[in-house]
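Since the structure comes first, as structure tokens, the remarks are kept for the end.
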Amino acid sequence: MHAAPPDLVPALTPPNETFNFAAHLLAANVSRPDKLAFIDDQASLSFSALDDAVRRLAAGLRAIGLKREERVLLLMQDTCAWPVAFLGALYAGVVPVAVNTLLTADDYAYMLEHSRAQAVLVSGALLPVLNSALVKADHEVQKVLVSRPAAPLHPAELDFDAFLAAHSPLAKPAATGADDPGFWLYSSGSTGRPKGAVHSHANPWWTAELYGKRILNLSADDVCFSAAKLFFAYGLGNALSFPLSVGATTVLMPERATPEAVFARWTGAAGNPRPTVFFGAPTGYAGMLAHPALPARESVALRMASSAGEALPADVGERFTAHFGVEIIDGIGSTEMLHIFMSNRPGKVRYGTTGWPVPGYDIELRGEDGSPVADGEPGDLYIHGPSAAMMYWGNRQKTRETFQGGWTKAGDKYVRNADGSYTYGGRSDDMLKVSGIYVSPFEVEATLVEHAAVLEAAVIGVPDAEGLTKTKAFVVLKPGAAATEAELKAFVKDKLAAYKYPRQIAFVTELPKTATGKVQRYKLREQESAAP
């Protein structure tokens, strides 16, 4: 086991047995009532207004009959209503189930049935797809609260703002426990149905204390802006748990995080205070650096950037730092662990690696026989830490496979380096064995994107005529750029061991990805298998 040195583990007093995370955040900001907590394209909330709205929603949920630990589906865009909805449910002891806003009616129908949600909190723009899901589902929904409705509402639908105004603030929070179910997040499983990860009230407290405060060093002077949306575990920490824990301001953006939309927030052109900390993903950083409207260094106020979702290619981090003069702090987290548990550090960034274990978390790499592997050897990543999910709802088999005696299996391959940092190898089911030797698809991809013409790349294994595995790369070129297959093969050969270069290269216009920007290599494998 490779644990953080004892002298680096923060001395923290865990939450009391009775603990409500929403009440904790509200109490942390009573001294700054007029300070801006959230701002979106149409509204803003001071900390006192947030406190009032959260307690009003909690009272309203109680008034319509919701009881402790019953679920409400939270299908909302990133506006000021999102934190009110999430925290209001927590304050009332009700369990918000935050879901991806980019899914289909069939997906939501499954989630409504699986969670047995008693109510839905929804953005007006998403009401049509919700209504389609409600028709399909055998659900238990009694009320639908609609934020910023785009059309007249039906009798079972209530206007979110009017609902808040109709209820007096709840006097005190539900007496939840630190280990009581707080909220659910659905994992973005690459295959099969998504799994509902149940997190406790204490889990976001741990991530804020161990990572937001002690690694990122966030403070009340920061303005946070996350391209990752609030319904993701990464975005929930970036734009809610972390900033509220320190009294920082958060800029929210309901639209998709295109380069143009991000640049408008960075420069304040959208009417918001300029962010000092930006949270993004590797795909987004690569796209922004290739964009002709990339802002000049002096037009932004960034002091730091963060990356997660997939490992950050070294070339992307180095080019970002060269342009803006700030570091990208790359780390790895998961829905199951709630946020980042291994990371680079401000002032201690080793691009091309995922950094070092976050103090408070233990890391172990295990081989196929379950034993720890030696430094330099690839192993399956296991994490031991206080923010692990309690279980997958209604899925005992997957719970047992992932949460193993205090350790959480991540499903990623890593290598531990001599300096104690870790290098990403790929998802466990993405790793390739070529000529009997492990090849990391990520290593080959990261080398390809160093080429001046390459925007993105994904590498998979394909069988040759003899049935042996060989590497094939799918490459997206930058707009207006050109490169040949032979040129890219030679480029990789020059930088990596000869057996690692891709034997085939296909030029494509885009790569299949999840909503978080993760490349779905399994779809490329399926595509290859189906090819004649």
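The values are calculated or read from the model by the stated rules, or taken from the named source; none is laboratory data. Just so we're clear, the structure is a prediction, and the values are computed from it rather than from any experiment. Glycine gets a Cβ as well: all are built from the backbone with ideal geometry, and neighbour counts include every protein chain shown. Just so you know, the surface numbers come from the protein's heavy atoms only, side chains and all, with ligands and any DNA or RNA stripped out. Shrake-Rupley method; radii C 1.70, N 1.55, O 1.52, S 1.80 Å.
Solvent exposure of the chain amounts to 39 Å² per residue of accessible area, where only protein heavy atoms count and the probe is 1.4 Å. Here the Karplus relation 6.51 cos²θ - 1.76 cosθ + 1.60, evaluated at θ = phi - 60°, turns the backbone of segment 362-372 into coupling constants of 9, 10, 9, 10, 10, x, 5, 8, x, 8, x Hz, with x for every Gly and Pro. Against the longest alpha carbon principal axis of the chain, how many degrees, from 0 to 90 and to the nearest 10, is the axis of helix 485-495 turned? Once rounded, the angle reads 90 degrees.
Net charge near Tyr361: determine it from the other residues with C-beta under 13 Å of the C-beta of Tyr361, scoring Lys and Arg +1 and Asp and Glu -1. Cβ neighbours under 13 Å give a net charge of -3. If you plug the beta carbon distance of Ala452 and Glu510 into 1/(1 + (r/R0)^6) with R0 = 22 Å, you get a FRET efficiency near 0.65. At q = 0.10, 0.12 Å⁻¹, what base-10 log of I(q)/I(0) does the Debye formula yield for the chain when every alpha carbon is treated as an equal point scatterer in vacuo? Results for the chain at q = 0.10, 0.12 Å⁻¹ read -0.81, -1.17. For a straight C-alpha distance cut-off of 17 angstrom, the lysines reachable from Lys67 (same-chain residues fewer than eight places away being disregarded) are Lys143, Lys172.
Database remark: amide H of Asp159 closer than 5 angstrom to the amide H of Val146 (H placed geometrically; neighbours at sequence offset of 5 or more, or on other chains; Pro and chain starts carry no H).
Across the chain, the mean sequence separation of Cα contacts (distance under 8 Å, 6 or more residues apart), normalised by length, yields a relative contact order of 11 percent. Counting only heavy atoms of the protein chains and using a 1.4 Å probe, Val223 has close to 20 Å² of accessible surface.
Relative to the longest principal axis of the Cα atoms of the chain, the long axis of helix 521-530 lies at roughly 60 degrees. The phi-based Karplus calculation (6.51 cos²θ - 1.76 cosθ + 1.60; θ = phi - 60°) puts the 3J(HN,Hα) values of segment 450-461 at 6, 5, 4, 8, 9, 8, 9, 8, 9, 10, 10, x Hz, whole numbers, x for Gly and Pro. All other residues whose Cβ lies under 14 angstrom from that of Asp221 are scored, Lys and Arg at +1 and Asp and Glu at -1, for a net of +4. Summarising the strand pairing of the chain, around 55 percent of its internal DSSP beta bridges are antiparallel. Couplings for segment 389-398, taken from phi via the Karplus curve 6.51 cos²θ - 1.76 cosθ + 1.60 with θ = phi - 60°, read 4, 6, 4, 9, 4, x, 9, 5, 4, 5 Hz in order; Gly and Pro are left as x. Protein heavy-atom surface of the chain, 1.4 angstrom probe: 51% of the accessible area is carbon and sulfur, with nucleic acids and ligands not counted.
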